[in-house]
Structure formats: C-alpha cells, structure tokens
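All remarks here apply to the structure that follows.
Where a number appears in this text, it was derived from the coordinates with a stated rule and is not lab data. None of these values were measured; they are calculated from a predicted model. Note that each Cβ is placed from the backbone with ideal geometry, even for glycine, and that neighbours are counted across all protein chains shown.
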Amino acid sequence: NTKAKEKGLGTMKKWQQNIVLFDLDGTLTDSAEGIIRSVQHMQEKTGREVWEAEKLGFIVGPPLRDSFREAFGMKTEEEIDNAVAVFRERYFSVGLFENAVYPGVKEMLEELKKMGKRLAVATSKHESTAVRILTHFGLADYFEVIGGDAPEANRDNKTKVVAYVLERMNAEKSDVAMVGDRKYDIEGAHALGVEAIGVLYGYGSREEFAACGADAVVETPAELVELFR
C-alpha cells in the first residue's frame with residue numbers, strides 16, 4: 001500500500017475487517033525486561049559473556065531459536081535446545097511476569113469488542129505461556145483464540161501461527177487484520193495474504209515498517225481503534 005508508506009500512517013482508508021489478530025510481546029504487553037533477563041541467565045549458565053540489556057533488545061519478538069542461532073553463533077540443534085531450556089528455567093518461573101500492559105491497550109480491546117470485532121492473539125511464544133500472561137493481566141477474556149507455538153506443533157514462525165489461528169476461527173483471509181510491532185508480524189501476515197498494521201509504541205520503527213510494506217502504521221492503541229471506526 002504505497003499511500004500508507006508515503007504517509008507513514010494508514011489512516012487513508014477505513015479498515016472493514018471483522019477479525020483482528022494481535023501479536024503479544026511489544027503489541028499488548030511490554031515484555032522486554034523478563035525476556036532480556038532470562039537471556040542473560042542463559043548466557044551466564046552456559047558460560048557465555050553476559051551482554052548488557054541495551055544490546056539485547058533485538059531478542060524481543062522473533063522466534064527465540066532463530067535469535068540464538070544468528071546472534072550467539074549456536075551451530076547445532078542440540079546447543080540451541082539446551083540454551084532454550086536454560087532460558088525457560090528462569091522465564092517460565094519469573095520472567096514472564098516481568099512485564100506490563102501498554103497504556104491504552106485494555107481500552108482499545110474494550111472498544112473493538114464494542115464494535116463487534118472478533119479478537120485473537122497470534123504470538124511466536126509458547127501458547128501456554130501466552131495464556132498465562134494474558135490471564136495474569138486480565139486480558140484473556142477479550143480473545144476468542146490465543147494462538148502460539150507448542151512443543152509438538154512446530155509453529156516456529158509467525159506465518160504458521162497466523163494460519164493456525166485463522167483455521168481455529170474459520171476465518172476468511174480478507175476479513176482479517178494482523179496487528180504487530182515488528183517486521184515478523186507484517187511479513188508473516190502478508191505471506192498468507194492478510195493485511196497488517198504496525199504499532200510504533202512497541203519495539204519496531206517506522207523505517208522497519210516502511211521496509212516490510214506495512215499496510216498502515218499507528219502510534220497509539222487509540223489510533224488503532226480509529227482505523228476501524
């Protein structure tokens with residue numbers, strides 16, 4: 001959508017979709033602290049240099065295995081499996097609650113529900129973890145489906161997760177909008193022919209959204225609601 005790219009904001013058109021999928025980390029909650037501290041725990045326990053938090057921002061959003069392989073030069077699946085297990089030791093007990101709902105998110109979900117939208121979550125996180133986080137913060141009931149990865153399911157990228165959520169909702173692609181804060185959300189949706197909106201209050205940037213061709217970009221949860229009015 002070139003208009004959205006030129007403007008940097010997709011307010012040019014009214015979004016008609018009835019189903020809105022949300023990423024979790026960086027879109028509904030600010031989860032960086034718990035993820036970064038758990039990566040540092042992994043680095044320490046596996047005898048690696050422990051990086052400062054400022055250097056680990058990239059870790060929030062993409063599938064963990066990809067980041068471990070690319071950023072830390074892990075060569076074998078066994079090495080990655082071990083690192084992920086050590087990360088989860090801390091993350092599943094402490095890290096997942098070192099997290100906060102972004103201001104305006106609850107109101108945004110409330111408004112979209114009032115408008116009759118069907119809401120769901122499509123995250124690269126473990127599905128069980130996503131359910132725990134959303135329940136903990138009182139957000140789970142807004143969503144018809146909370147979809148993520150699962151050990152036996154191999155939904156190891158955003159496209160697979162979005163496809164799985166659409167299947168569970170018996171949704172037509174043309175009736176769905178994806179909302180996320182990184183290129184993985186936009187590209188994962190586009191790979192299925194689903195339009196996607198980038199949010200700037202998370203971990204992504206306007207440049208990132210322009211480069212991956214986001215169909216719209218918003219600065220706040222309230223601005224997202226306006227797209228659907």
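Consider LEU21 carefully, then state whether it is closer than 30 Å to GLU195 by Cβ, out of contact with any Lys or Arg (no Cβ under 7 Å at 6 or more places or on another chain) and either in a helix (DSSP H, G or I) or of a type in the set (S, T, N, Q) (or both). No.
Look at (1) touching a Ser or Thr at 6+ places or on another chain (Cβ under 8 Å); (2) of a type in the set (Ser, Thr, Tyr); (3) more than 13 Å from SER31 (Cα to Cα) and you find that THR76 fails only one, number (1). Of the residues making up segment 87-127, those that are hydroxyl-bearing (Ser, Thr, Tyr) and within 16 Å of the chain's Cα centre (by Cα) number 3.
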